[in-house]
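Chemist: The following block contains the structure, expressed as structure tokens.
Laboratory data are not the source of any read-out in this text; all were calculated from the coordinates shown. Quick caveat, the model's predicted, so the values are computed rather than measured. Cβ sites come from the backbone with ideal geometry, for glycine too, and all protein chains shown count toward neighbours.
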Amino acid sequence: MHRNFDWHGTEDFPGSLPRPNRRLTALAQDVARLARPLLPAGSELILGLEATADGQIHLLWWRRRDFRRVAIISATPDAFCPEDTDEGALQDAAAALLDYLAGRWPTPPGALGAITDGTGVAFAPDHPAPSAEGWLLRHATGESTLAMILDLDPAGPCGLLTGGQAAGSFH
């Protein structure tokens, strides 16, 4: 059974999820931790994770300064990088997070993703595919709102995507 959550946050914490979900939080913590080695300090990279209807998991990197995509790794679970690599561990964690997150939608979208800065994890309920044209710009300009599972670092590369949102952690 799918739950239809109000993804738009609460009065106290716009952009945060309305009630605790320990499983989702734990999955997001794994993703953030495993993403850190793939986001070198000072690189100003944004890392996206996306699952598509055909079963692929995409790891996408963009530069903060111009929102240009600089790298992508795409694979189905049977072709993931080896589990003992940083990329393979993140692919496994991303697949688990996105599968769980898709189960929260009444009808899961064709592509669903999240972003991480190695600290926080967020997704966009109204525009669920980070690889979509203009996705980063919509969030940087405040046209769309991110739902925080874990707070993104406001001083990090994803800080510009949170705009003036008063984000609260989702525990």
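Chemist: By how many nm would the segment from Ala71 to Ala140 lengthen if fully extended, with 0.36 nm per residue of separation less the alpha-carbon distance? Show your work: numbers first, answer last.
Modeler: Numbers: separation 69, 0.36 × 69 = 24.84 nm, distance 2.02 nm.
Full-extension gain reported as 22.8 nm.
Chemist: For the pair Gln56 and Ala155, what calculated FRET efficiency results from E = 1/(1 + (r/R0)^6), where r is the Cβ-Cβ distance and R0 = 35 Å, to the nearest 0.05?
Modeler: Plugging the Cβ-Cβ distance into 1/(1 + (r/R0)^6) gives 0.60.
Chemist: Another question, then. Is the C-alpha gyration tensor of the range 51-131 telling us rounded, prolate or oblate? Criteria: a/c under 1.5 is rounded; beyond that, a/b larger than b/c is prolate, otherwise oblate.
Modeler: Numbers: a/c = 1.58, a/b = 1.06, b/c = 1.50.
Judged from the Cα gyration tensor, the range 51-131 comes out oblate (a/c at least 1.5, b/c at or above a/b).
Chemist: Right, here's the next one. Which value results when the Cα radius of gyration for the range 26-171 is divided by 2.2 N^0.38 Å? If you can, show how the numbers build up before the last one.
Modeler: Values: Rg = 13.8 Å, N = 146, 2.2 N^0.38 = 14.6 Å.
Its radius of gyration relative to the 2.2 N^0.38 Å reference: 0.94.
Chemist: For Arg23 and Cys81 in one chain, what is 0.36 nm times their gap in residues minus the Cα-Cα distance, to one decimal in nm? Each step should come with its number before you reach the end.
Modeler: Working: separation 58, 0.36 × 58 = 20.88 nm, distance 2.47 nm.
Extra length available between Arg23 and Cys81 comes to 18.4 nm.
Chemist: Between Ala96 and Asp126, what is the FRET efficiency for a Förster distance of 22 Å, r being their Cβ-Cβ separation, to the nearest 0.05?
Modeler: Working: r = 24 Å, r/R0 = 1.07.
Calculated transfer efficiency: 0.40.
Chemist: Another one. Name the GluC sites (Glu not before Pro) in the range 23-93 that are in a loop by DSSP and that have at most 12 other C-beta atoms within 10 Å, would you?
Modeler: Details: sites: Glu44, Glu50, Glu83, Glu87; in loops: Glu44, Glu83.
Sparse-neighbourhood loop GluC sites (Glu not before Pro): Glu83.
Chemist: Taking N as the number of residues in the range 17-87, what is its Cα Rg relative to 2.2 N^0.38 Å?
Modeler: Working: Rg = 13.7 Å, N = 71, 2.2 N^0.38 = 11.1 Å.
Compared with the compact-globule rule of thumb, the range 17-87 sits at 1.24.
Chemist: So which trypsin sites (Lys or Arg not before Pro) in the range 58-124 are both in a DSSP loop and have at most 13 other Cβ atoms within 10 Å of their Cβ? Please list the in-between numbers first.
Modeler: Details: sites: Arg63, Arg64, Arg65, Arg68, Arg69, Arg104; in loops: Arg64, Arg65, Arg68, Arg104.
Those satisfying the criteria are Arg65, Arg68.
Chemist: Let me ask something additional. Can you list the HN-Hα couplings for the range 27-33, worked out from phi with the Karplus curve (6.51, -1.76, 1.60; θ = phi - 60°), rounded to whole Hz and with x for Gly and Pro?
Modeler: Values per residue, Gly and Pro as x: 5, 5, 4, 4, 4, 4, 4 Hz.
Chemist: Between Arg63 and Ser43, what length comes free when the chain is fully extended (0.36 nm per residue of separation minus the Cα-Cα distance, one decimal in nm)? Don't skip to the end; give the middle numbers.
Modeler: Details: separation 20, 0.36 × 20 = 7.20 nm, distance 0.80 nm.
That works out to 6.4 nm of additional length.
Chemist: OK, next. Long-range amide H contacts for Ile149: which residues qualify at under 5 Å (H placed 1.01 Å from N, peptide plane, sequence gap of 5 or more or a different chain)?
Modeler: Val121, Ala122, Phe123
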